[in-house]
1. Can you confirm whether LEU168 is open to solvent by less than 40 Å² (accessible area, probe 1.4 Å), at pLDDT 95 or above, more than 15 Å from the ligand (Cβ to nearest atom) and aliphatic (A, V, I, L, M)?
2. Within the range 173-196, how many residues turn out to be in contact with a Ser or Thr (Cβ under 8 Å, 6 or more places away or on another chain), more than 26 Å from ALA377 (Cβ to Cβ) and buried (at least 21 other Cβ atoms within 10 Å of the Cβ)?
3. So which of SER117, SER156 is of a type outside the set (A, V, I, L, M, F, W, C), more than 30 Å from LEU324 (Cα to Cα), under 24 Å from the mean Cα position of the chain (by Cα) and modelled with pLDDT of 95 or more?
4. Pairs under 8 Å by beta carbon, first residue closer than 25 Å to THR147 by Cβ in the range 1-28, partner at pLDDT 90 or above and open to solvent by 100 Å² or more (accessible area, probe 1.4 Å), six or more apart or different chains?
5. Within the bounds of the range 134-153, is there any residue that is more than 24 Å from ALA277 (Cα to Cα), away from the ligand (no atom under 16 Å from the Cβ), surrounded by fewer than 17 Cβ atoms within 10 Å (Cβ to Cβ) and of a type in the set (D, E, K, R)?
6. Quick one: which residue in THR72, THR6 is over 26 Å from GLY334 (Cβ atoms), among the polar types (S, T, N, Q), exposed (fewer than 14 other Cβ atoms within 10 Å of the Cβ) and at pLDDT 95 or above?
7. Collect the residues in the range 26-59 that are farther than 23 Å from ALA370 by Cβ, open to solvent by 30 Å² or more (accessible area, probe 1.4 Å) and either within 16 Å of the ligand (Cβ to nearest atom) or charged (D, E, K, R) (or both), keeping them in residue-number order.
8. Any residue at all in the range 29-44 that's on the phi > 0 side of the Ramachandran plot and of a type in the set (Gly, Ala, Ser)?
Amino acid sequence: MNDIRTTAMDHLWLHFGHIPSEGPIIIERGDGCYLWDSDGNKYLDALAGLFVTAIGHGRSDLANAASKQAETMAYYPVWYSTAHQPAAELAAKLAELSPGDMDRVFFTSGGSEAVESAWKIARQYFLARGEPDRMKIIGRETAYHGTTLGALSITSIPPIRAPFEPMLNQLVTHVSTTNQLHCERCEGPCSLHAADEIEAAILEQGPETVAAVVLEPVQNSGGCFTPMEGYWQRVREICDKYGVLLISDEVICAFGRLGTWFGGQKFDYVPDMITFAKGVTSGYAPLGGVITRPHIAEAFQQADELVWHGITFGGHPVSCAVALANIEALEAEGIIDHAAANQDLFRMKLESLLDHPNVAEVRGTGYFYAIELMKDARNMVPFTQDEASALVAVLKPALLNRGLIARADGRGAPIIQYSPPLIAGPDEFDQIVEISRAALDEAITGLSS
Ligand code: PLP
């Protein structure tokens, strides 16, 4: 084992990882859609790091933007009465790119902080409006919204919550996802019952106590659940009817992941707040934030109230400069248009896996897809929980050993999930399909032997 692997094994905590009994793979270098580890192995990064590296790896323009900003002014906070040029310019750019009249940005260092910040802003918004009981959140089952205690209260993944359950607040209700494959309520195409459940939850909780509905445009956890036609319009209508804020958690779905800048352009809605992170900098520096519509800030102004919330590194100048360079390059090189133009081809290639006896569904949109795996996909026979866990455990190395970074996951039904850099094209799609098929064959054979 090389030195770095031993050092990592001895000293690093891996997020969501066991204390390693063998050294982790050390990823050393990236270029475009590809990564290399410290043993010289090459991987196709079909997960964009962790839904992050939209623009691809190895961009010297983004590295130069970071270095130039660090030399000019490495750090100053966006705090009390001070700001700086990169944060101001980036906020203006995000206002320009986001849907509708969204016009103001609260920066954080990442996605969990963005979700917590949105919740706290919602709370203060209602305090400022004289509605102090509005604190509750409606989220969705199986959804992931982060791990800090506030965000974790909205996350609905039992094993991630379990050790902390007594520390989580009781202000969140979870309703159904838009998983249409396993819907037991509809014959044929799904109705809008998943949206109507949000209304039922608001009524059950008492509309005067509900602050916000928090949803992803396409839900990641569980495997890329896309909305039914009209879902977002119905959710918007329900939120307006009961005076509840609509928070679109776009930590994954923004900055081209769905082939548009934001979910609102994909599904034609304007939320009250958008939470973002990941793709805003393509991962060349950490950043997240909340974009808000004017009425949110106006409530603070009218009550002459300040935001009782701040984060030292929120809106870090280096991160904001990197985000500006990232967005400039995404625009100038037509990278989001490229993803939009190639998304149908990506889907078509993935759909070629549907002839595999264990592939039950291909779902997603843009450059964000999952395939759902079943024991007998033709007859819709699912794996048992034990089989699914065993399958995922074998699939992970089977994909990696063939040089593909994709996510084999079992937080609902077993899936393989893909979210390649937005510069990926036909060659990468072919590799994804070929390797997934071979890895799946290996895993299924291993499972039945
Ligand atoms: N919200 C969503 C939808 C996410 O997918 C994630 C992370 O994957 C988060 C929030 C939390 O973001 P972070 O890991 O940057 O805290």
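The values are calculated or read from the model by the stated rules, or taken from the named source; none is laboratory data. Only a predicted model underlies this, so the values are computations on that prediction, with no experimental measurement involved. Glycine also receives a Cβ, built like all others from the backbone with ideal geometry; neighbour counts cover every protein chain displayed. SASA here: full protein model, heavy atoms, side chains in, ligands and nucleic acids out. Shrake-Rupley method; radii C 1.70, N 1.55, O 1.52, S 1.80 Å.
1. Yes.
2. Qualifying residue count for the region: 0.
3. On the way: SER117 fails: more than 30 Å from LEU324 (Cα to Cα).
The unique qualifying residue is SER156.
4. Listed by first residue and then by second, the contacts come to ILE19/TRP13.
5. No - not one qualifying residue is present in the range 134-153.
6. None of the other options fit; the residue is THR72.
7. Matches in the range 26-59: GLU28, ARG29, ASP31, ASP39, LYS42, ARG59.
8. Initial filter on the range 29-44 (on the phi > 0 side of the Ramachandran plot): 32, 40.
Pick out the ones that are also of a type in the set (Gly, Ala, Ser) and you get 32, 40.
Looking for residues that are on the phi > 0 side of the Ramachandran plot and of a type in the set (Gly, Ala, Ser), one finds at least one in the range 29-44, hence yes.
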